[in-house]
Amino acid sequence: MNEPKAFEAVVESDSRKTPVRVAFLTRRTSPQVKAESDPFVMTWPEGLFRAAVACEVLTIVLVLMALFWNAPLESLADPMQTPNPAKAPWYFLGLQELLHYFPPVVGGVLIPTLVVIALIVIPYFNVNVEAEGVWSRNRRNRLQVFSVVSLALIALLLVFKVWAVLAPTVIIGVAMLYAARESQHSGRAHRWLSSHPLSFWIMTWFLVTATLLTAIGTFFRGPGWSWVWPWSA
């Protein structure tokens, strides 16, 4: 029979050297765990100190940019002369680009409302805390659901000819199908893709789509919201 392990309470702050359950901390001993390769850090002061440094560096960079470069402002607004095209601020150009494809009610009301509702409702669902791969369990059932949702979304985008959203949707879908395939000799790329949860894929699709729509509305739209090349404008 194995002898029971004896636990002894000692004065020590290194949990790796002395993995005990009870420890007494003296006044000159920090309660912080001494670890060099630990991926986590204390919130105070390490985490807040890094955030403060990042904010200060960003402030300095913005001040230097404001000193050496003028803001790309246009002339004073004239109610008698509307610019063509009339573009929204850059953070709304993605939404304005959607209005080019969808009817105003869909692109300006329905889609933003669904996004806001999703942001409110999603936290109340059973979140994948362990962040396991989306294809790690119930591969067949999840593939069926993924196929139905993907085909329906692609059909909708084809009907309205939303090429700017269709392209990243197809690319992300192909990457997910590649991650879902079973292979005994999978490479590093396949292992990396198959290890990500569904939230990673949805967020990647959202970021790529939003970036692409914003870039198109900023650089590739001319008078009448027609397609123009930046170097020919």
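Peptides 169-176, 137-144 ordered by packing proxy, namely the average of other Cβ atoms within 10 Å per residue, highest first: 169-176, 137-144. Which of rounded, prolate, oblate describes segment 160-233, given a ≥ b ≥ c as roots of the alpha-carbon gyration tensor eigenvalues and a/c under 1.5 marking rounded, otherwise prolate only if a/b is larger than b/c? In terms of gyration-tensor shape, prolate.
Between Lys161 and Arg139, the contour length at 0.36 nm per residue exceeds the Cα-Cα span by 4.8 nm. Our summary gives segment 90-232 a relative contact order of 38 percent, counting only alpha carbon pairs under 8 angstrom and 6 or more residues apart. By the compact-protein rule of thumb, 2.2 N^0.38 Å, the alpha-carbon radius of gyration of segment 90-232 corresponds to a ratio of 1.20.
Laboratory data are not the source of any read-out in this text; all were calculated from the coordinates shown. If you're wondering where the values come from, they're calculated on a predicted model, not measured in any experiment. Positions of Cβ are generated from backbone atoms using ideal geometry, with glycine treated the same way; all protein chains shown enter the neighbour counts.
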